[in-house]
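For reference, the structure discussed in these notes is given below.
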Amino acid sequence: MWRACVYEAITIVRKPIDRSQLRSMVTVRAHKDDAKTIEEIHYAIGHTISRARIGQRLARGLVFYEGRLKEELVATTWMVMPGTRFIDEIGLHLAVSDHSVWIRDVFVSPRVRGRRMFSQFVDAILISHCPNSDLIWSDVACDDAASLRAHAAYGFEQVDVVKVLQVGSALMLRLRMPTRVPVMGGFDPEHRILWTGNAYQEYKATWLA
């Protein structure tokens with residue numbers, strides 16, 4: 001079936017880590033292999049994700065974190081360790097260099113929003129689980145105003161923007177490629193216009209996380 005055109009724009013941000021400024025009252029626990037528990041935590045905080053997607057992320061080496069304040073579940077996120085961050089919307093792998101990390105899908109409980117819990121949560125992860133990291137990255141949909149505000153309040157600065165137009169179900173136009181984050185591969189990474197038929201869909205399914 002023919003689908004309408006879909007336009008997506010993603011902001012890529014980063015922040016150098018100043019460990020003298022890290023402060024948090026949040027306690028953090030990492031999960032690397034228990035899909036059932038991770039699914040239950042997502043459900044408890046009100047952030048939907050499928051068991052299949054959890055399995056894909058764990059298989060790709062992503063780590064899931066839960067943050068608690070006085071035993072209350074207040075935030076969750078996934079983290080990409082050094083390697084690559086696959087941006088499935090554009091079909092490219094972006095570099096995550098040594099001593100850096102890339103956070104994904106940070107979700108703060110509605111009960112504690114407005115209390116800078118995003119900042120406390122990320123600080124807590126960096127303090128307790130990433131002692132050797134000196135740079136943190138993230139990516140945010142350009143139309144997600146709340147997430148953009150939270151990232152800006154934490155001190156993230158825009159580095160790049162990628163833009164893509166999906167034309168129906170068969171064609172992708174890479175309107176704006178990454179220029180300041182190294183591309184480490186992807187589906188036909190040298191081309192801005194590409195067919196998104198079976199080969200592309202299989203590639204995307206293989207790397208989706």
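Kindly establish whether TRP78 is within 24 Å of MET177 (Cβ to Cβ) and either in a strand (DSSP E or B) or among the aromatic types (Phe, Trp, Tyr) (or both).
Considered against the rule, which asks whether it is within 24 Å of MET177 (Cβ to Cβ) and either in a strand (DSSP E or B) or among the aromatic types (Phe, Trp, Tyr) (or both), TRP78 comes out as no.
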Report summary line: When the stretch 16-61 is checked residue by residue, the ones that are of a type in the set (Gly, Ala, Ser), without any contact (Cβ under 8 Å) to a residue 24 or more places away in the chain and either on the phi < 0 side of the Ramachandran plot or surrounded by 16 or more Cβ atoms within 10 Å (Cβ to Cβ) (or both) are SER20, ALA35, SER50, ALA52, GLY55
Report task. Determine if the stretch 195-205 includes at least one residue that is part of a strand (DSSP E or B), touching a strand residue (DSSP E or B) at 6+ places or on another chain (Cβ under 9 Å) and more than 24 Å from PHE64 (Cβ to Cβ). Result -> yes
Requested in this report: Can you tell me which residue within the stretch 154-169, out of those that are in contact with a strand residue (DSSP E or B) (Cβ under 6 Å, 6 or more places away or on another chain) and outside any strand (DSSP E or B), is farthest from ARG14 (Cα to Cα)?
Outcome: GLY155
Report summary line: Flagged in the stretch 189-208 as under 17 Å from ARG60 (Cα atoms) and either among the basic types (Lys, Arg) or surrounded by fewer than 15 Cβ atoms within 10 Å (Cβ to Cβ) (or both), in numbering order, are GLU202, LYS204, ALA205, THR206, LEU208
Report task. Tell me which of these HIS151 doesn't satisfy, since it passes every other one: (1) at pLDDT below 95; (2) more than 27 Å from ALA52 (Cα to Cα); (3) part of a helix (DSSP H, G or I). Result -> (1)
Report task. Kindly list the number of the only condition in (1) touching a Phe, Trp or Tyr at 6+ places or on another chain (Cβ under 8 Å); (2) of a type outside the set (Val, Ile, Thr); (3) part of a loop (DSSP other than H, G, I, E, B); (4) under 26 Å from PRO178 (Cα atoms) that fails for SER24. Result -> (4)
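Limited to the stretch 107-139, what total is found for residues that are part of a strand (DSSP E or B) and either more than 14 Å from LYS15 (Cα to Cα) or charged (D, E, K, R) (or both)? Write out each step before concluding.
Of all residues in the stretch 107-139, those part of a strand (DSSP E or B) come to 107-108, 135-139.
Checking the rest, the ones that are also either more than 14 Å from LYS15 (Cα to Cα) or charged (D, E, K, R) (or both) come to 107-108, 139.
Of the residues in the stretch 107-139, 3 are part of a strand (DSSP E or B) and either more than 14 Å from LYS15 (Cα to Cα) or charged (D, E, K, R) (or both).
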Report task. Confirm whether ARG104 is modelled with pLDDT of 95 or more, of a type outside the set (A, V, I, L, M) and not in a helix (DSSP H, G or I). Result -> yes
Query raised in the report: Residues of the stretch 178-188 being surrounded by fewer than 16 Cβ atoms within 10 Å (Cβ to Cβ) and outside any strand (DSSP E or B), which ones?
Result: THR179, ARG180, PRO182
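The values are calculated or read from the model by the stated rules, or taken from the named source; none is laboratory data. In this text, all values refer to a predicted model and were calculated from it rather than measured experimentally. All Cβ positions, even for glycine, are placed from backbone atoms using ideal geometry, and neighbour counts span all protein chains on display.
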